[in-house]
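Have a look at the structure below before the remarks.
The values are calculated or read from the model by the stated rules, or taken from the named source; none is laboratory data. Owing to the predicted nature of the structure, the values given are computational and were not obtained by experimental measurement. Reconstructed Cβ throughout: ideal geometry from the backbone, glycine too, with neighbour counts over all protein chains shown. Note: accessible area is taken over every heavy atom of the protein model, side chains too, but ligands, DNA and RNA are not part of it. Shrake-Rupley method; radii C 1.70, N 1.55, O 1.52, S 1.80 Å.
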Amino acid sequence: MTQHQSSGNRAAASGSPAVAVLDAVAERYVKLVLAIGQHDAAYVDAYYGPPRWQDEAIARQQDLASIRHDIDAARTLMSTQRPSHDDDVQRLAFLDKQLRAMQARVDMLGGTVFSFDEETERLYDAVSPHHPRAYYEDVVRQIDQLLAGPGPVSERVNAFRSQFAIPPDRLRAVMEAAIQAGRERTLHYIALPPSENFLLEFVSDQPWSGYNWYKGNFQSVIQINIDLPIYIDRAVDLGCHEGYPGHHVYNVLLEQDLVRGKQWPEYSVYPLFSPQSLIAEGTANYGIELCFSDDERLAFEQQVLYPLAGLDASLAPRYAQLNRLLAQLGYADNDAAMQYLNGAMTREQTMEWLIKVRLYPAEKAAQRLQFYEAMRGYVINYNLGQDMSRAYILRHATSPDAAHARTQRWAAFRQLMASPRPPSALL
Ligand SMILES: [Zn+2]
């Protein structure tokens with residue numbers, strides 16, 4: 001109720017021509033995203049605006065050249081606008097970055113091939129740092145020492161990890177407990193609408209390990225891919241990333257604050273290959289460490305998740321140590337994707353890199369290759385997005401008091417999620 005009142009006040013107060021143009025471009029933007037969705041099945045990640053607009057996109061089948069022309073025209077129109085309120089200035093800047101990414105995606109659908117870094121700059125407004133093999137091999141050596149023994153280190157990692165696979169019949173209980181813990185911690189700092197909820201499903205035959213499908217009305221479907229074994233550490237990761245305080249919360253806040261609160265229709269659609277994804281994936285990954293410090297996480301896993309999964313909790317500290325080292329190999333994924341997609345490494349060389357440098361099991365490495373082929377430069381959104389989100393949030397949480405700094409981190413996290421801010425503005 002409060003939200004409808006405030007949006008009414010805003011509409012009455014903001015009759016400026018610049019805002020009228022922004023509103024018109026925003027509606028145009030939503031329709032153009034839906035039009036691109038007719039050429040690219042993965043493009044529209046979520047849409048809960050007027051169903052009529054989706055029906056129109058399906059009926060019209062606008063061609064790529066005409067879509068490109070309309071995006072160009074929308075950007076030209078916006079470039080002449082000078083809104084006076086900060087809110088509208090940010091709204092315009094973000095919308096323009098989204099439209100710029102749409103130009104690149106339409107060009108790619110028309111056959112343009114960008115280099116990896118150029119693609120990520122255009123689509124996600126960010127470029128990943130790159131490292132040589134030796135940089136990662138330093139970390140691999142530390143893992144080699146942690147799990148000392150005969151045979152290749154990648155095989156020792158996989159043998160060690162095999163003790164931590166969640167038995168399939170325990171998977172639902174473990175995942176539900178992990179999501180619930182993330183939800184409780186989130187609700188302590190972020191108020192959510194009472195009707196928000198999610199459905200948890202287990203699926204197979206997908207290139208990703210988990211997915212949040214946002215349905216509107218504060219509801220999500222969280223899917224967990226069970227093609228490969230799910231290890232106990234993934235429960236907290238996936239629960240926080242897909243659910244609370246990650247993607248589910250992100251989408252609920254956008255709907256509550258921006259779509260309903262400010263009546264900004266552009267947030268009722270989520271184009272996957274756009275700067276919005278760096279914020280979405282980055283906050284979802286940062287949300288894990290925001291929810292649980294290393295010690296809190298270890299205690300929760302040992303006391304709750306290991307018993308639920310029927311696993312030996314005394315092994316948890318060593319496994320957590322391994323996972324902290326493996327996390328330092330995160331950018332090896334970006335480098336593998338870049339080299340493979342730029343044609344600098346063959347499929348076999350990329351597999352070798354993923355197994356020996358990134359220390360993935362062979363089946364996981366094959367799944368990653370499939371992910372790079374489908375999603376291309378999207379891979380940077382996870383680790384680079386996480387690092388950019390963390391840096392931004394820590395700049396806004398400087399209190400010397402630990403409890404107060406934690407409250408500040410949550411406040412900055414919420415603000416980062418629910419206000420228009422292109423990735424390059426985080427730097
Ligand atoms: Zn995600």
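Here each label is just a point 7 Å from Cα along the line to Cβ, and for Arg133 and Arg324 those points are 2.9 nm apart.
Here the ratio of the Cα radius of gyration of the range 201-336 to 2.2 N^0.38 Å is 1.17. Here the simple spin-label model places points 7 Å from the Cα toward Cβ, and for Arg60 and Glu352 these points are separated by 5.1 nm.
Cross-link reach is defined here as a Cα-Cα straight distance under 28 Å, omitting same-chain residues fewer than 8 places apart; for Lys262 the lysines meeting it are Lys31, Lys97, Lys215.
Computed over the range 299-427, the convex hull of the alpha-carbon atoms projects to a mean area of 10.9 nm². Using R0 = 22 Å, the C-beta based FRET efficiency linking Ala425 and Glu118 works out to 0.65. For Ser389, the solvent-accessible surface with a 1.4 Å probe is about 0 Å², rounded to the nearest 10. Let me make sure I get this right: for the range 148-188, a, b and c are the square roots of the gyration tensor eigenvalues over alpha carbons, sorted descending. Under 1.5 in a/c it's rounded, otherwise prolate if a/b > b/c, else oblate. Which is it? It is oblate, given that a/c is not under 1.5 and a/b is not larger than b/c. In whole angstrom, the range 366-427 maps to an equivalent ellipsoid with semi-axes of 30, 13, 9, each derived as √(5λ) from the alpha carbon gyration tensor and ordered largest first.
Put simply, when 199-206, 336-343, 83-90 are sorted by average Cβ atoms within 10 angstrom per residue, most first, you get 336-343, 83-90, 199-206. Only protein atoms count toward the accessible area here, which uses a 1.4 Å probe; on the range 221-280, the carbon and sulfur part of that area reaches 50 percent.
The gain in end-to-end length when the Ser204 to Ser79 segment is fully stretched comes to 40.5 nm, 0.36 nm per residue minus the alpha carbon separation. Where in the range 153-179 does the amide nitrogen come within less than 20 Å of the point 7 Å from the Cα of Arg141, taken along Cα to Cβ? Hits in the range 153-179 for Arg141 at 20 Å: 153-157. Straight distance only, please: which aspartates and glutamates reach the Cα of Lys356 with their own Cα at less than 18 Å, same-chain residues fewer than 8 apart left out? Within reach: Glu137, Asp138, Asp144, Glu155, Asp333, Asp335, Glu348.
Considering only Ala402, Asn212, Ala57, and ranking their Cα positions along the charge dipole of the chain that arises from unit charges at the beta-carbon of Lys, Arg, Asp and Glu, the one farthest toward the positive end is Ala402.
For the options Leu92, Leu325, Leu254, a Gaussian network treatment of the chain with springs between C-alpha atoms closer than 10 Å singles out Leu325 as fluctuating the most. Among Arg172, Arg133, the sequence by solvent-accessible area, most first, with a 1.4 Å probe is Arg172, Arg133.
First check a/c for the range 95-162, with a ≥ b ≥ c the square roots of the eigenvalues of its C-alpha gyration tensor; if it is under 1.5, answer rounded, and if not, answer prolate when a/b is larger than b/c or oblate otherwise.
prolate
Packing-based ranking of 245-253, 134-142, 287-295, 314-322 yields 245-253, 287-295, 314-322, 134-142, ordered from highest to lowest mean Cβ neighbour count within 10 Å.
With all distinct Cα pairs included, what does the Kirkwood hydrodynamic radius of the chain come out to in Å, to one decimal, could you say?
22.8 Å
Secondary structure note: in the chain, about 60% of the DSSP beta bridges are antiparallel. If you take the Cα centroid of the range 99-142 and the Cα centroid of the range 149-196, the two points sit 29 Å apart.
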